[in-house]
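Student: Here it is, the structure, as C-alpha cells.
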Amino acid sequence: MAIEQTTRKERGLAASKTGAAMKRSSTTTANRGPTAKHQTLSDYIASRFDEFSKSQKDVAQYIVDHLEEAAFQTAEELARHANTSSSTVVRFAQALGFEGFPELQHAAREEYRRRPNGSAQVETVAPLFALDQNEFETALAADHVNVEETARKVSRTQVEAAIESIVSAKRILIAGCDQMAFFASYLRHLLHLLDIRAEIVASPSQEGLSRIARIDEDFLVICLSAGRPNALVLRTMKVARHRKAATLAITDATLSEVAKLAERKLYYSSNSPAYVRSHTALLSLIQALAYGVYARDAAQYDNRIKAFKLK
C-alpha cells in the first residue's frame with residue numbers, strides 16, 4: 001500500500017509539473033503573438049487586460065492612459081501613481097513577457113515616440129521593429145530616440161545664439177580629442193565649405209598647444225565632449241574663459257565641467273545599448289548647425305557650394 005501511495009504521489013507531481021510547463025509554454029506563445037503582429041504596447045496590454053490581477057490591472061490602466069509619463073518614470077514612480085508597489089510593476093512587466101521593467105519602459109518609449117505630437121488620442125504609426133528586437137535593431141532604435149531627444153532638449157534660442165556666434169566670430173578654434181577629434185574635423189570641414197576658417201586642437205602636440213596659447217577675445221572657442229571631458233579640451237575652455245573669448249560647448253552631459261564653463265551650450269543625447277556611446281545625434285546636430293549658418297546668407301554661399309560641385 002505504501003508503495004502504491006508513493007507511486008500515485010509521484011504521478012500527481014509529474015502531472016502538476018507537466019501542467020505548469022504547458023501553462024508556461026502557453027504564456028510564452030501568447031507573448032510572441034503581438035510581437036509577430038507588431039502590436040503597440042498599449043494594444044498588447046489591452047488585449048490581455050482580463051488576465052491580470054487587480055493590482056496589475058491598476059498598473060496596466062495607468063500605462064495605457066498615461067503612456068507619456070510612464071515611459072519616463074522609474075518603477076517606483078510608476079507604482080506610486082498607480083497606487084501599488086514597485087514589485088507589482090516588475091511582476092506586471094514579467095507577465096507581459098519582458099525580462100523586467102527596463103524592457104517594458106523601452107517599449108513604452110518606442111510607442112510614445114511614434115505618436116504624432118506625443119498625443120495618446122491620435123492613431124499611432126507602425127513600430128519600427130517588433131518587441132523582441134535583436135541587437136542591431138535595438139541600436140538603431142536607440143539612435144532614433146537620441147535624435148528626437150536632442151531635438152526636444154535644444155531650444156531655438158540656444159541654436160540661434162550658437163549660429164550668431166559662429167557667423168560673427170573673427171577667429172574660430174574647435175577643440176575635440178579622442179573620439180571627438182573626428183567631429184571637430186568634420187565641423188571645420190563644413191565651415192570651410194562656407195569660407196569660414198577654423199583651427200583645430202585634437203592632441204597635446206606643439207602645434208595644438210600653440211593654438212591654445214593664441215586664444216584671445218576675438219576668438220570663438222567650440223569644445224566638443226562626451227561624458228567626462230578630455231583634460232586638453234577642459235584646459236582649452238578654461239583658457240578661453242580666462243581670456244574673455246566667446247565659448248560654445250557641444251556635449252552629452254549638461255553638468256560636465258566644459259558645459260558649466262561655456263557661455264553657450266548645445267546638448268545631444270548619446271544613449272546606446274552598445275559598448276560605445278552613440279554619436280548619431282551629435283552628427284545631426286553639427287550638420288544642422290552648419291546648415292543654420294548657411295541659411296543666414298544662402299545666396300552668398302550658393303556660388304561657393306556649387307564651385308565645390310556638391311549639388
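Student: Which residue is surrounded by the most Cβ atoms within 10 Å (Cβ to Cβ), if the candidates are limited to segment 67-106 and must be assigned to a loop (DSSP other than H, G, I, E, B) and among the hydroxyl-bearing types (S, T, Y)? Outline the logic, then answer.
Tutor: We begin by selecting, within segment 67-106, every residue assigned to a loop (DSSP other than H, G, I, E, B); these are 71-74, 82-85, 96-100.
The next check asks that each one be among the hydroxyl-bearing types (S, T, Y); those that pass are 74, 84-85.
Numbers: T74: 12, T84: 20, S85: 15.
Top of the filtered list is T84.
Student: A follow-up question, please. With respect to V64, determine if the residue is crowded, with 21+ Cβ neighbours inside 10 Å, β-branched (V, I, T) and assigned to a helix (DSSP H, G or I). First the steps, then the outcome.
Tutor: Working: crowded, with 21+ Cβ neighbours inside 10 Å: no; β-branched (V, I, T): yes; assigned to a helix (DSSP H, G or I): yes.
It is false that V64 is crowded, with 21+ Cβ neighbours inside 10 Å, β-branched (V, I, T) and assigned to a helix (DSSP H, G or I).
Student: Does V147 meet the test of being within 30 Å of R264 (Cβ to Cβ), modelled with pLDDT of 90 or more, touching a helix residue (DSSP H, G or I) at 6+ places or on another chain (Cβ under 7 Å) and surrounded by 15 or more Cβ atoms within 10 Å (Cβ to Cβ)? Reasoning before the result, please.
Tutor: On the way: within 30 Å of R264 (Cβ to Cβ): yes; modelled with pLDDT of 90 or more: yes; touching a helix residue (DSSP H, G or I) at 6+ places or on another chain (Cβ under 7 Å): yes; surrounded by 15 or more Cβ atoms within 10 Å (Cβ to Cβ): yes.
Taking the combined requirement at face value, the residue satisfies it.
Student: Six or more apart or on different chains, Cβ atoms under 9 Å: show the pairs whose first residue is in segment 63-77 and within 9 Å of Q105 (Cα to Cα) and whose second is surrounded by 20 or more Cβ atoms within 10 Å (Cβ to Cβ) and hydroxyl-bearing (S, T, Y).
Tutor: Partner pairs satisfying both residue conditions: A70/Y62; A70/Y112; A71/Y112; F72/Y112.
Student: Would you confirm whether or not segment 182-195 contains a residue that is closer than 15 Å to A262 by Cα and not aliphatic (A, V, I, L, M)?
Tutor: Applying the first criterion (closer than 15 Å to A262 by Cα) to segment 182-195 yields none.
The answer is no, given that none of the residues of segment 182-195 is closer than 15 Å to A262 by Cα and not aliphatic (A, V, I, L, M).
Student: Also, quick follow-up: Restricting the search to segment 37-93, which residues are over 25 Å from the mean Cα position of the chain (by Cα) and of a type in the set (D, E, K, R)?
Tutor: Passing the criteria: K37, R48, D50, E51, K54, K57, D58, R80, R91.
Student: What's the number of the condition T138 fails, among (1) of a type in the set (V, I, T); (2) more than 20 Å from the chain's Cα centre (by Cα); (3) modelled with pLDDT under 95?
Tutor: With respect to (1) of a type in the set (V, I, T); (2) more than 20 Å from the chain's Cα centre (by Cα); (3) modelled with pLDDT under 95, T138 is out only on (2).
Student: Can I ask one more? Residue under question is I212, and the condition is that it be surrounded by 15 or more Cβ atoms within 10 Å (Cβ to Cβ), over 19 Å from E263 (Cα atoms) and in the same structural domain as Q300 (by TED's automatic domain parsing); does it hold? Walk me through it before giving the result.
Tutor: On the way: surrounded by 15 or more Cβ atoms within 10 Å (Cβ to Cβ): yes; over 19 Å from E263 (Cα atoms): no; in the same structural domain as Q300 (by TED's automatic domain parsing): yes.
Answer is no for this residue.
Student: Considering only segment 289-311, state which residues are without any contact (Cβ under 8 Å) to a residue 40 or more places away in the chain and either part of a helix (DSSP H, G or I) or among the small types (G, A, S) (or both).
Tutor: Answer for segment 289-311, where residues must be without any contact (Cβ under 8 Å) to a residue 40 or more places away in the chain and either part of a helix (DSSP H, G or I) or among the small types (G, A, S) (or both): Y291, A295, A298, A299, Q300, D302, N303, K306, A307.
Student: How about segment 228-249: which of its residues are modelled with pLDDT of 95 or more, in contact with a helix residue (DSSP H, G or I) (Cβ under 7 Å, 6 or more places away or on another chain) and not in a helix (DSSP H, G or I)?
Tutor: A246, T247, L248, A249
Student: Does segment 154-195 hold any residues that are of a type in the set (S, T, N, Q) and closer than 12 Å to L224 by Cβ, and which are they? Don't jump to the end; show me each part of the working.
Tutor: As a first pass, look at segment 154-195 and keep what is of a type in the set (S, T, N, Q): 155, 157-158, 165, 168, 179, 185.
Of everything in segment 154-195, those that are of a type in the set (S, T, N, Q) and closer than 12 Å to L224 by Cβ turn out to be Q179, S185.
Student: Can you pull out every residue in segment 72-96 that is under 17 Å from A46 (Cα atoms) and either touching a helix residue (DSSP H, G or I) at 6+ places or on another chain (Cβ under 6 Å) or of a type in the set (G, A, S) (or both)?
Tutor: A82, V89, F92, A93, A95
Student: Step by step: first the residues of segment 263-276, then only those that are under 15 Å from E149 (Cα atoms) and not hydroxyl-bearing (S, T, Y), then the one that is surrounded by the fewest Cβ atoms within 10 Å (Cβ to Cβ). Which residue is that? Give the steps one after another, and end with the answer.
Tutor: So in segment 263-276, the residues under 15 Å from E149 (Cα atoms) come out as 266-272.
After this cut, where a residue has to be not hydroxyl-bearing (S, T, Y) as well, the list is 266, 271.
Numbers: L266: 25, N271: 13.
Among those residues, the one meeting the criterion is N271.
Student: Identify, please: which residue in segment 250-266 is assigned to a strand (DSSP E or B) and not β-branched (V, I, T) and is, among those, nearest to the chain's Cα centre (by Cα)? Spell out how you get there, then give the answer.
Tutor: Pass one, segment 250-266, residues assigned to a strand (DSSP E or B): 250-251, 264-266.
Filter once more, keeping what is not β-branched (V, I, T): 264-266.
Details: R264: 22, K265: 18, L266: 15 Å.
Of everything passing the filter in segment 250-266, L266 is nearest to the chain's Cα centre (by Cα).
Student: Turning to a different aspect of this structure: For segment 173-186, give me the residue count where each residue is under 11 Å from C223 (Cα atoms) and not small (G, A, S).
Tutor: We begin by selecting, within segment 173-186, every residue under 11 Å from C223 (Cα atoms); these are 173-177, 180-181, 183-184.
Cutting the leftovers down to not small (G, A, S) gives us 173-174, 177, 180, 183.
The number of residues fulfilling the criteria is 5.
The values are calculated or read from the model by the stated rules, or taken from the named source; none is laboratory data. These figures come from a predicted structure and were not determined experimentally. Note that each Cβ is placed from the backbone with ideal geometry, even for glycine, and that neighbours are counted across all protein chains shown.
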